[in-house]
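S.K.: Before anything else, here's the structure in question.
The values are calculated or read from the model by the stated rules, or taken from the named source; none is laboratory data. Computed from a predicted model, the values in this text were never measured in an experiment. Cβ: placed from backbone, ideal geometry, glycine included. Neighbour counts: every protein chain shown.
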Amino acid sequence: EAGVAQSPRYKIIEKRQSVAFWCNPISGHATLYWYQQILGQGPKLLIQFQNNGVVDDSQLPKDRFSAERLKGVDSTLKIQPAKLEDSAVYLCASSEQETQYFGPGTRLLVL
Amino acid sequence: QKEVEQDPGPLSVPEGAIVSLNCTYSNSAFQYFMWYRQYSRKGPELLMYTYSSGNKEDGRFTAQVDKSSKYISLFIRDSQPSDSATYLCAMKNSSASKIIFGSGTRLSIRP
């Protein structure tokens, strides 16, 4: 069974630029999550989708972050404009029931 | 005060030693407790999942939950160099609620 795929793996941008991350969950998983993991911290949930609907986006900074899952399969997370404090690993996870399976993450550095 | 507190380490022990990793928490509503392992430049991987208080054993790993003390532990017996990773505790109120992660403990097993 293929795992959660994410791209790109690494991205370096300058502040105020925009960036987008892509996630393809495990086939058949209805629930998809985006997390932000700052160095030395645990992952923090940004947004949770159930199929193509948003379940929880309470910790998503909506003035600069957006996410979509149009067909209920893959998803994109966008930051526009980026700030220095957005430097982190962005993890995507998917689940069918209780267990969340994480992708390898996209490491973002904002200069 | 953070909802979940975890000593960041690093913790270095010789191969074959018993490792004890711990977390404390403040939210008495937490019912589900998890331990994730995260290798460098990888996403977290679920190791143990327990509900309410008690012990759960899986091979060399044992998870303990003491809800009266708001304290959870992960024990690793006969530790191996391949166990070297960051260990994240995590918990949630209900099966459907979002996961709150600790900041992770970096563990190194010396050959």
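S.K.: Of everything in the stretch B:66-111 that's away from chain A (no Cβ under 14 Å) and of a type in the set (Ser, Thr, Tyr), which residue is nearest to the chain's Cα centre (by Cα)?
M.R.: B:Ser73
S.K.: Only one of A:Ile38, A:Ile47, A:Ile12 is more than 12 Å from chain B (Cβ to nearest Cβ) and among the hydrophobic types (A, V, I, L, M, F, W, C); which?
M.R.: A:Ile12
S.K.: Residues that are within 27 Å of B:Ser82 (Cβ to Cβ) and either without any contact (Cβ under 8 Å) to a residue 40 or more places away in the chain or touching a His at 6+ places or on another chain (Cβ under 7 Å) (or both): list the strands (runs of 3 or more DSSP E) wholly contained in the stretch B:1-57 that include at least 3 such residues.
M.R.: Strands (runs of 3 or more DSSP E) meeting the threshold: B:45-51.
S.K.: Would you check which residues across the stretch A:90-100 are surrounded by fewer than 20 Cβ atoms within 10 Å (Cβ to Cβ) and of a type outside the set (S, T, N, Q) and list them?
M.R.: A:Glu96, A:Glu98, listed by residue number.
S.K.: Quick one: which residue in A:Gly40, A:Gly28, A:Gly105 is out of contact with any Gly (no Cβ under 9 Å at 6 or more places or on another chain) and at positive phi?
M.R.: Answer to the selection: A:Gly28.
Here is a yes/no grid of residues against (1) within 11 Å of chain B (Cβ to nearest Cβ); (2) surrounded by 14 or more Cβ atoms within 10 Å (Cβ to Cβ); (3) in contact with a strand residue (DSSP E or B) (Cβ under 7 Å, 6 or more places away or on another chain):
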| position | (1), (2), (3) |
| --- | --- |
| A:Gly53 | no, no, no |
| A:Lys62 | no, no, no |
| A:Ser66 | no, yes, yes |
| A:Gly72 | no, yes, no |
| A:Thr76 | no, yes, yes |
| A:Glu85 | no, no, no |
| A:Arg107 | yes, yes, yes |
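S.K.: Could you check the stretch A:5-44 and list, in sequence order, the residues that are part of a loop (DSSP other than H, G, I, E, B), closer than 24 Å to B:Arg106 by Cα and not polar (S, T, N, Q)?
M.R.: Those that are part of a loop (DSSP other than H, G, I, E, B), closer than 24 Å to B:Arg106 by Cα and not polar (S, T, N, Q): A:Arg9, A:Ile38, A:Leu39, A:Gly40, A:Gly42, A:Pro43.
S.K.: Right, B:Ser82: modelled with pLDDT of 95 or more, under 27 Å from A:Ala5 (Cβ atoms) and exposed (fewer than 13 other Cβ atoms within 10 Å of the Cβ) or not?
M.R.: Yes: the conditions hold for B:Ser82.
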